[in-house]
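This report concerns only the one structure given below.
The values are calculated or read from the model by the stated rules, or taken from the named source; none is laboratory data. These numbers were taken from a predicted model, which means no experiment stands behind them. Positions of Cβ are backbone-derived with ideal geometry, glycine not excepted, and every protein chain shown enters the neighbour counts. Protein only, heavy atoms only, side chains kept; ligands, DNA and RNA dropped before computing areas. Shrake-Rupley method; radii C 1.70, N 1.55, O 1.52, S 1.80 Å.
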Amino acid sequence: MSRYAAVTGWGHYSPSRVLTNHDLEQMVETSDEWIRARTGIAERRLATEGETTTSMAVVAAQRALERARMDAIDLDLVICASTTPDYLLPAASCIVQERLGAGNAGAFDLNTACTGFLYALVTASQFIRAGTYDRVLVVAAETLSRFTNWKDRNTCVLFGDGAGAVVLEATDRDCGLLSAVLGSQGDVGHLLAIEAGGSANPTSEETLSNGHHYITMRGNEVFRFAVRSMEHAASEALAKAGLTSHDIRMVIPHQANIRIIRATQEALGLPPEKVFINVDRYGNTSAASVPIALSECLSSEAIRPGDNLLFVAFGGGLTWASAVLRWADVDAIIGQREEGPYAI
Ligand code: ACO
């Protein structure tokens, strides 16, 4: 019997603190008009004091588990995608696993920046389809505000904090990933980096005074890479799935910049209403961006079993990722699980 990996739970968490473009006008030389026109962002959410990547991840994960009607103790694996974990060691996933009470789960982190959720989604699906595990939590969370130089207008207007999660589980019903495209181009990794704090350049007084613990970015070059890679990755994922853009119910892109999203939409020949957008309210939350958008999309759009969703993202590394996911009959799968043990 075939095994598929269905998304049966989802949820997100956005911190309560709002930073508007007008707030930023008081901090750096910028304007609401410039930020809206160049990025599409109006405001972003920032972690409050005491909130961290894992504290936000735990809330998003609890919401996803609740939607899946699943107990954390029944999870086999926790994958956490983040560029901004609480610590270099221990891994964010281990902290999340413990706080959720997922005592039977293995845990590991994955860092491909903004594409992290999609890399993790593909990884989780493979574990399930291979028969290794039945239930996997994928959570993506970021606290970019703690790695942002609030005096650098080139970057500080772009980012926000938050978390999104999905629960995947094994099913014999035809659904889940139809295709996946994962890419990397390490030779241009320096265009988007945090230079210090790792083994190559450990934290020192010099790295701190030079601000090398903050995100730096060559925005214009990243922008060109983003447009190119989003278009190619999305087209390739469609081709691999044997679909055209007309077969897609909704595109859920990485929310970095409205101009990048619109360029992708136009390249795919889709009307604007088929592309989910929330960059105006959250800015770029890196790995958390796609699962937050998915979670909001599922609340506002009627997504039905059999609908095809197209995910696409680019990010640090530099990396790109895209996937087509056939939406599952979520309630039927949960009902089947609650009726008895797995038969697959
Ligand atoms: N306010 C006002 N002016 C600004 C600001 C600002 N906040 N930031 C830059 N400018 C100025 C620049 O200094 C430049 O001025 P100059 O011409 O006098 O030198 C001018 O605006 C134009 O700058 P560009 O960089 O050419 O502007 P562009 O249209 O490319 O927009 C932006 C800049 C928004 C950063 C765009 O390049 C972009 O979105 N790039 C992709 C960024 C991204 O998504 N990165 C992903 C990171 S996610 C991760 O992995 C953590």
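Things to note:
- Simple point charges give the picture: +1 on the Cβ of Lys and Arg, -1 on the Cβ of Asp and Glu, and for the chain a dipole about the Cα centre of about 560 debye.
- Cβ-placed point charges (K, R +1; D, E -1), dipole of the stretch 178-326 about Cα centre in debye, nearest 20: 400 debye
- Stretched out straight at 0.36 nm per residue, the stretch from residue 239 to residue 332 would grow longer than its current Cα-Cα span by 30.5 nm.
- Surface composition of the chain: carbon plus sulfur atoms contribute 48% of the solvent-accessible area (1.4 Å probe, protein chains only, all chains present).
- Phi angles across the stretch 114-127 convert, under the Karplus curve 6.51 cos²θ - 1.76 cosθ + 1.60 with θ = phi - 60°, into 3J(HN,Hα) values of 5, 8, x, 4, 5, 4, 6, 4, 5, 4, 4, 4, 5, 4 Hz, Gly and Pro given as x.
- Relative contact order, percent, the chain [alpha-carbon distance under 8 Å, six or more residues apart]: 25 percent
- Between residue 273 and residue 146, residue separation times 0.36 nm minus the direct Cα-Cα distance comes to 42.3 nm.
- Pairwise centroid distance, computed over Cα atoms, of the stretch 115-144 with the stretch 198-257, Å: 18 Å
- Dipole axis of the chain (+1 Lys, Arg; -1 Asp, Glu on Cβ), positive-most option in 239, 81, 225: 239
- 222 nm mean residue ellipticity, helices alone, for the chain (DSSP H n ≥ 4; -39,500 (n - 2.57); rounded to 500): -10500 deg cm²/dmol
- Per residue, the accessible area of the stretch 178-326 comes to 41 Å², computed with a 1.4 Å probe over protein heavy atoms only.
- Two-site FRET efficiency, residue 224 against residue 20, from Cβ-Cβ distance with R₀ of 30 Å, rounded to 0.05: 0.60
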